[in-house]
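Rule-based calculations on the coordinates, nothing more; no lab input. Everything numeric here is computed off the predicted structure, so don't read it as measured data. Because the Cβ atoms are built from the backbone with ideal geometry, glycine has one as well, and the counts that use them run over all protein chains shown.
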Amino acid sequence: MEIDKNSTVNPANPKVALVLGGGGLKPISAIPLIDFLLQSRIVPGLLAGCSGGAGMMALMASGYSTQEMIELFRKTLNPRLFKKNWKSLAAMFGLARVDFGREFSFFKPEPIQKMFRRTYGDRTFQDLKYPLVLQTTDYETGEPVEVETGDLASAVYASSAVIPFFPPILVNGRVLFDGVYSSPLPIFAALKRGADIIIAVDFMEDLQPHPANFYEAMVHVNKVYARTISRSQTSFSIDLHHYEIVCVKVRFEKYVQLWHIDSFDLILEAGKKAVAKYGKEILTVYQSFRHQDGLAPDGAGAPHEPSH
């Protein structure tokens with residue numbers, strides 16, 4: 001679905017927020033959902049993302065079409081983006097001396113940061129087609145921080161900087177890292193900004209309670225932690241919200257690590273299955289809200305052919 005990069009969003013009633021959680025490469029599976037929403041003339045008035053979901057929402061907010069997103073991922077995703085920081089790894093065994101504070105990380109941040117800079121350029125949040133909020137966490141206080149101003153590439157990196165794999169970064173005067181530690185599925189960001197319908201997308205895969213290595217052990221603990229927070233915050237949000245929250249769960253049968261670039265087609269297929277499962281519910285909620293609000297049907301919510 002093509003996005004007119006020369007226009008700006010004119011959010012129609014109801015105000016729809018698209019919220020993506022984290023999950024490494026798995027949020028790429030939101031591409032079929034984005035296609036579905038735009039083909040159904042459901043134009044989000046707000047985008048919010050955390051970690052891997054932050055990168056996806058930043059692409060959409062920047063005006064990338066879904067086809068351009070696919071081409072970008074196929075061109076740029078490469079295992080070489082994940083260069084091991086051997087000095088940090090050696091320090092864990094007492095073989096090197098490093099500061100175990102802000103600068104410590106298992107992977108070097110520069111390749112990922114350069115990739116984000118090539119992708120988003122020097123855009124700021126004020127340059128975007130869609131209003132965008134990226135969820136991060138304050139390194140010094142642990143407070144959730146919603147970034148919606150300043151340099152886009154830096155904010156995307158901060159939102160996806162999983163400690164101890166990547167170090168935090170200074171953004172807008174605060175040292176920030178992955179939002180998964182404070183709000184893995186940032187529904188609160190949409191609630192606070194008055195969204196009427198929130199489409200909240202969570203990316204699910206089976207836990208690995210018997211990890212084969214240190215990396216898998218760390219990932220397992222992080223997932224358990226994130227799921228606990230996400231369930232609690234989502235339940236609380238549903239109780240508070242005055243309209244509708246559609247919870248879309250994209251499920252993966254195969255474990256997808258950060259560098260599993262060869263899983264790209266599998267990731268997209270998982271997204272298509274989620275659209276098949278939740279698409280009707282999204283349309284029903286959207287159309288029902290319009291009727292309750294006294295808005296005459298005007299074709300919104302009716303699928304049409306993509307423009308490309």
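Straight Cα distances below 23 angstrom link residue 84 to the lysines 26, 75, 108, 114, 223, with same-chain residues fewer than 8 positions distant left out.
Available extension along the chain between residue 114 and residue 72 is 13.7 nm, counting 0.36 nm per residue and deducting the alpha carbon span.
Scaling against 2.2 N^0.38 Å puts the C-alpha radius of gyration of the stretch 7-84 at 1.17.
Of all lysines in the structure, those lying under 18 Å Cα to Cα from residue 192, and not within fewer than 8 positions of it along the same chain, are 15.
For the stretch 46-125, applying the loop criterion from DSSP together with a ceiling of 14 other beta carbons within 10 Å to the trypsin sites (Lys or Arg not before Pro) yields 83, 97. Take the Cα of residue 141, step 7 Å along the line toward its Cβ, and report every residue of the stretch 178-202 whose backbone nitrogen sits under 18 Å from that point. The answer is 178-183, 189. Each eigenvalue of the Cα gyration tensor of the stretch 103-172, multiplied by 5 and square-rooted, gives one semi-axis; in descending order these are 20, 16, 8 Å.
Evaluated over the Cα positions of the stretch 50-130, the convex hull gives a direction-averaged projected area, one quarter of its surface, of 6.6 nm². Translational diffusion coefficient of the stretch 65-104 (Stokes-Einstein, Kirkwood radius from Cα pairs, 25 °C, 0.890 mPa s): 192 µm²/s.
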